[in-house]
Number of protein chains: 2
Amino acid sequence: MDKVRKMERVAALTKIMTDRPRYLFSLSQFSELFGAAKSTICEDITTIKETMGHFGLGIIETVAGAAGGVRFIPKVSDTDTDNILHELAFRLAEPDRIIPGGFLYMSDLLFTPHLMVKVGEIFMQRLAHLEPNYILTVETKGIPLAFMTARAFDLPLITVRHGSKVTEGSAVSINYVSGSSKRIQTMSLPKRAVPSGARVLIIDDFMKAGATARGMVDLTNEVGAKVVGIGVLVATAEPEHKLVADYLSLLILHDVDEHTKITDIRPVLTSD
Amino acid sequence: MDKVRKMERVAALTKIMTDRPRYLFSLSQFSELFGAAKSTICEDITTIKETMGHFGLGIIETVAGAAGGVRFIPKVSDTDTDNILHELAFRLAEPDRIIPGGFLYMSDLLFTPHLMVKVGEIFMQRLAHLEPNYILTVETKGIPLAFMTARAFDLPLITVRHGSKVTEGSAVSINYVSGSSKRIQTMSLPKRAVPSGARVLIIDDFMKAGATARGMVDLTNEVGAKVVGIGVLVATAEPEHKLVADYLSLLILHDVDEHTKITDIRPVLTSD
């Protein structure tokens with residue numbers, strides 16, 4: 001009977017903790033929920049920790065002290081990461097994705113939940129050392145990806161808008177020249193969205209020259225916050241020198257040939 | 001020793017299944033992963049099913065037959081639903097959210113992952129009987145909410161854009177008069193995004209007169225698909241008659257008083 005109860009606690013604890021990655025749960029909270037001693041909960045957590053480790057499903061981290069507790073940190077294994085990036089590269093190279101002008105249609109993949117859950121976890125894993133406290137993106141196509149990254153970090157997302165919106169209150173704006181439209185555009189950030197001193201991680205779906213990312217960096221500086229890193233799903237190989245100094249790209253787009261319908265896109269693998 | 005193995009399988013199965021709601025996993029897949037007989041996996045699943053039921057964490061559904069398997073369906077209890085809606089109403093009534101023109105600043109909540117995870121699950125729970133196979137929204141603020149609903153359904157999201165984008169290929173467009181800007185606007189949907197005959201569920205953050213929702217319905221019909229339902233986080237009490245016949249709203253905004261800074265917003269509770 002006791003064994004069954006432990007089994008139940010282990011299943012429930014796994015569900016609750018993995019549901020909210022990186023959020024610190026207190027042991028007292030669990031102790032109360034299950035009517036079990038803290039030491040018992042600790043044993044349960046150890047079981048879950050070993051299992052997650054054994055099957056490569058994630059990490060359980062224990063934080064000591066009065067404000068301590070336990071949290072689940074998603075982990076995508078190297079093999080799984082490489083498989084997902086290979087799958088994305090393979091699908092993005094499908095001939096009918098090529099749109100006149102040499103663009104690639106990516107929206108279907110960017111709006112598929114289970115793919116973006118994984119990509120968000122990959123970004124979190126590779127960029128957690130930068131210790132951001134906000135994730136920033138620009139509308140529109142990058143939002144799901146950035147939001148899943150924010151979820152993996154348990155951080156709020158901030159979305160830069162094109163132009164200035166009446167429903168967002170006072171905002172800071174800058175002008176930039178977008179790579180895809182070649183026109184001068186405006187992007188804006190509500191003043192209240194980012195506190196000064198915030199550590200911001202930029203996540204976006206695509207980077208060519210880096211003008212949009214550069215705009216986001218300038219906008220972040222403008223409100224007194226700091227960009228600690230940039231992650232993009234796809235970056236083009238050319239131009240080699242982007243308008244931002246440092247970024248992580250999961251896929252590199254080498255060439256889109258509208259005539260032959262061949263797209264050369266390659267994953268940046270964990271073994272690279 | 002055998003008990004430990006079962007415990008490990010239960011923890012791992014819980015993680016894997018709850019990670020991808022509504023996705024049908026085959027028992028063979030699990031049987032192979034754990035090197036255990038299908039009957040053993042079935043027993044594990046029963047344990048998880050009972051636990052999820054006991055703690056109100058979700059439902060495990062077994063689908064019989066050759067193409068069968070098991071899947072996890074998120075469930076937010078009535079108490080949790082009411083708590084979340086009360087919290088959202090309380091926070092949306094904060095005086096400093098009122099923006100000149102009587103708008104409410106909602107972006108911070110709309111871009112907070114753990115809140116939108118729950119709201120997405122609430123929408124899924126209340127609207128699953130409509131059996132959609134696509135979730136549709138319009139850029140920008142509703143995207144995280146719609147994406148988390150799509151995740152809870154394990155369905156792809158389609159995002160209607162303002163204007164027409166060069167990177168999306170050929171699109172269908174319509175004009176509509178937006179409630180917030182009072183201007184004639186264009187919204188468009190890439191032709192390839194929705195197959196004809198698709199059953200579409202519209203999810204958005206806000207509805208006043210319903211012009212934007214009406215536009216999305218028209219656009220969906222235009223591509224030969226069908227809107228099976230509409231869910232919005234906040235709908236205004238006035239005008240009572242919206243431009244769409246039927247919709248589900250989780251919160252009703254009765255009044256925003258710019259002078260007194262009092263916002264009257266109420267949750268639509270499960271007991272109502």
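The values are calculated or read from the model by the stated rules, or taken from the named source; none is laboratory data. Remember, predicted model here, so these are calculated numbers, not experimental data. Heads up, the Cβs are rebuilt from the backbone with ideal geometry, glycines too, and the neighbour counts pull from every protein chain shown.
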### Cβ pairs under 9 Å, 6+ apart, first in region B:45-65 and within 11 Å of chain A (Cβ to nearest Cβ), second aromatic (Phe, Trp, Tyr) and assigned to a helix (DSSP H, G or I)
B:45/B:30; B:55/A:34
### Task
Kindly indicate whether residue A:122 is closer than 23 Å to residue A:178 by Cβ and either more than 8 Å from the chain's Cα centre (by Cα) or touching a residue at least 40 places away in the same chain (Cβ under 8 Å) (or both).
no
### Message
Report every pair of residues separated by at least 6 positions or lying on different chains whose Cβ atoms are under 7 Å apart, first residue within region A:255-272 and more than 19 Å from residue A:240 (Cα to Cα), second surrounded by fewer than 15 Cβ atoms within 10 Å (Cβ to Cβ) and at pLDDT 95 or above.
### Response
A:261/A:95
#### Entry: Qualifying positions in region B:47-84 - polar (S, T, N, Q), surrounded by 15 or more Cβ atoms within 10 Å (Cβ to Cβ) and under 21 Å from the mean Cα position of the chain (by Cα)
B:81
### Message
For region A:6-22, check the following and say yes or no: at least one residue is at positive phi and among the basic types (Lys, Arg).
### Response
yes
### Task
Return a yes/no flag: does region B:11-25 have any residue that is outside any helix (DSSP H, G or I) and farther than 25 Å from residue B:74 by Cβ.
no
### Message
I need the full set of residues from region B:1-59 which are of a type in the set (Lys, Arg) and over 19 Å from residue A:9 (Cβ atoms), in order please.
### Response
B:20, B:22, B:38
### Verdict on residue B:84 being of a type in the set (Val, Ile, Thr), touching a Lys or Arg at 6+ places or on another chain (Cβ under 9 Å), more than 12 Å from every other protein chain (Cβ to nearest Cβ) and within 30 Å of residue B:268 (Cβ to Cβ)
yes
### Query
Of the residues B:62, B:79, which is within 30 Å of residue B:251 (Cα to Cα) and polar (S, T, N, Q)?
B:79
### Task
Please go through region B:70-122 and pick out each residue that is over 17 Å from residue B:141 (Cβ atoms) and among the basic types (Lys, Arg).
B:71, B:75, B:118
### Task
Quick one: which residue in A:215, A:210, A:197, A:163 is more than 12 Å from chain B (Cβ to nearest Cβ), of a type outside the set (Ser, Thr, Tyr) and surrounded by fewer than 19 Cβ atoms within 10 Å (Cβ to Cβ)?
A:197
### Query
Out of curiosity, is residue A:103 free of Cβ contacts under 8 Å to residues at least 40 places away in the same chain and facing another protein chain (nearest Cβ under 9 Å)?
no
### Task
Specify the residue that is surrounded by the most Cβ atoms within 10 Å (Cβ to Cβ); the eligible residues are those in region A:166-194 that are of a type in the set (S, T, N, Q), touching a Leu at 6+ places or on another chain (Cβ under 9 Å) and more than 10 Å from chain B (Cβ to nearest Cβ).
A:188
### Query
Pick from region A:225-272 the residues that are among the polar types (S, T, N, Q) and either modelled with pLDDT of 95 or more or within 15 Å of residue A:104 (Cβ to Cβ) (or both): which of them is surrounded by the fewest Cβ atoms within 10 Å (Cβ to Cβ)?
A:260
## Note on the structure
Residue hits (region A:20-29; within 14 Å of chain B (Cβ to nearest Cβ) and either modelled with pLDDT of 95 or more or touching an Asp or Glu at 6+ places or on another chain (Cβ under 8 Å) (or both)) are A:20, A:21, A:22, A:23, A:24, A:25
### Task
Would you check which residues across region B:112-143 are among the charged types (D, E, K, R) and more than 9 Å from every other protein chain (Cβ to nearest Cβ) and list them?
B:118, B:121, B:126, B:131
### Task
Determine, yes or no, whether residue A:146 is hydrophobic (A, V, I, L, M, F, W, C), at the interface with chain B (Cβ under 8 Å from one of its Cβ atoms) and touching a residue at least 24 places away in the same chain (Cβ under 8 Å).
no
